[in-house]
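Peer 1: Pasting a structure here, questions to come.
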Amino acid sequence: MARHAPPRSACLRCAADLPALAEPAAPVAICGACRVRPGPLDACLAAVDYAWPWVDCIAQFKYRSQPGMAATLAGLMRAVPGVAGALRQADRVVPMPLAPQRLRERGFNQSHELARRLGAGPCDPLLLLRVRETPPQAGLNRAQRLVNVRGAFALEPEQAGSVRGQRLVLVDDVMTTGATLHAAADELRQAGASHITAVVFARAPAPDTVP
Ligand SMILES: [Zn+2]
């Protein structure tokens, strides 16, 4: 499976493909969108493009309830340059939460299954809460998605105070425009997180954010 995941040339802050700007010697590669409008993430690392064969693979993992695939997918995430270091330095590894209703329907949180198999840093699935279910994001552009996910996340009140000054790794299975991850990261940032790295399995190109 690993042979299907060639190294990606991607923006260090949002993991968007950087085909035109790729320079092997360049120490820092930041896309135009992130230069103009930096988001709440300090870094974002993705294992694969959200494309064949990974779209099918993620659908099997998530919708056909095959959490056993998490170890393989997490292995590919761990192999991305920068991920091991981010995990080593993390005070907490935080999976993106599902709303309780969605969790009951699916039976597992795919991001938690990935996060706990990354194998380093304390995985904390109780810090970040999804307090509002949102309509499906498919078909919405980035601006619409940002409105759609506003207020969708909150921190567990008893734990919120412990986030100040912490380095966090935020884990998700798929990042599309980043609106959902950014909404979650905003909450963590407001609670005082000092550094947030998102580690995602697959990154989709977003037509309105690709430079
Ligand atoms: Zn970027």
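The values are calculated or read from the model by the stated rules, or taken from the named source; none is laboratory data. Because the structure is predicted, anything quoted here is derived from the model rather than measured. Positions of Cβ are generated from backbone atoms using ideal geometry, with glycine treated the same way; all protein chains shown enter the neighbour counts.
Peer 1: Do you know which residues across segment 107-129 are modelled with pLDDT of 95 or more, over 23 Å from ASN148 (Cβ atoms) and small (Gly, Ala, Ser)?
Peer 2: Result: ALA115, single match.
Peer 1: If you don't mind, there's one more thing I want to ask. Give segment 131-153 a look and list any residue that's surrounded by 16 or more Cβ atoms within 10 Å (Cβ to Cβ) and aliphatic (A, V, I, L, M), or say none.
Peer 2: LEU140, LEU146, VAL149, ALA152
Peer 1: Now, a different point. Out of all the residues in segment 71-79, is one or more outside any loop (DSSP other than H, G, I, E, B) and exposed (fewer than 15 other Cβ atoms within 10 Å of the Cβ)?
Peer 2: First pass over segment 71-79, keeping only residues outside any loop (DSSP other than H, G, I, E, B): 71-78.
Right, trim to exposed (fewer than 15 other Cβ atoms within 10 Å of the Cβ) and you get 71-72.
Scanning segment 71-79 turns up at least one residue that is outside any loop (DSSP other than H, G, I, E, B) and exposed (fewer than 15 other Cβ atoms within 10 Å of the Cβ).
Peer 1: Still on this structure: Those residues that are charged (D, E, K, R), closer than 27 Å to VAL131 by Cα and not in a loop (DSSP other than H, G, I, E, B), I need them from segment 80-96; list them, please. Walk me through how you get there before you give the answer.
Peer 2: Residues of segment 80-96 that are charged (D, E, K, R), as a first pass: 88, 91-92.
Checking the rest, the ones that are also closer than 27 Å to VAL131 by Cα come to 91-92.
ARG92 - this is the single residue of segment 80-96 that is charged (D, E, K, R), closer than 27 Å to VAL131 by Cα and not in a loop (DSSP other than H, G, I, E, B).
Peer 1: Considering only segment 71-93, state which residues are farther than 27 Å from ASP186 by Cβ and touching a helix residue (DSSP H, G or I) at 6+ places or on another chain (Cβ under 8 Å).
Peer 2: ALA71, GLY75, LEU76, ALA79
Peer 1: How many residues are at pLDDT 90 or above and farther than 25 Å from ALA185 by Cβ when one looks only at segment 4-26?
Peer 2: Qualifying residue count for the region: 0.
Peer 1: Quick one: which residue in ARG142, ARG132, ARG167, ARG104 is modelled with pLDDT of 95 or more and basic (Lys, Arg)? First the steps, then the outcome.
Peer 2: On the way: ARG142 fails: modelled with pLDDT of 95 or more; ARG132 fails: modelled with pLDDT of 95 or more; ARG104 fails: modelled with pLDDT of 95 or more.
Exactly one of ARG142, ARG132, ARG167, ARG104 is modelled with pLDDT of 95 or more and basic (Lys, Arg), namely ARG167.
Peer 1: When LEU98 is evaluated against the numbered criteria (1) under 22 Å from CYS11 (Cβ atoms); (2) modelled with pLDDT under 95; (3) buried (at least 18 other Cβ atoms within 10 Å of the Cβ), which criterion, by number, is the only one it fails?
Peer 2: So LEU98 meets the others, but not (1).
Peer 1: Restricting attention to segment 48-66, does a residue exist that is within 16 Å of the ligand (Cβ to nearest atom) and either modelled with pLDDT of 95 or more or assigned to a loop (DSSP other than H, G, I, E, B) (or both)?
Peer 2: Yes: segment 48-66 contains one or more residues that are within 16 Å of the ligand (Cβ to nearest atom) and either modelled with pLDDT of 95 or more or assigned to a loop (DSSP other than H, G, I, E, B) (or both).
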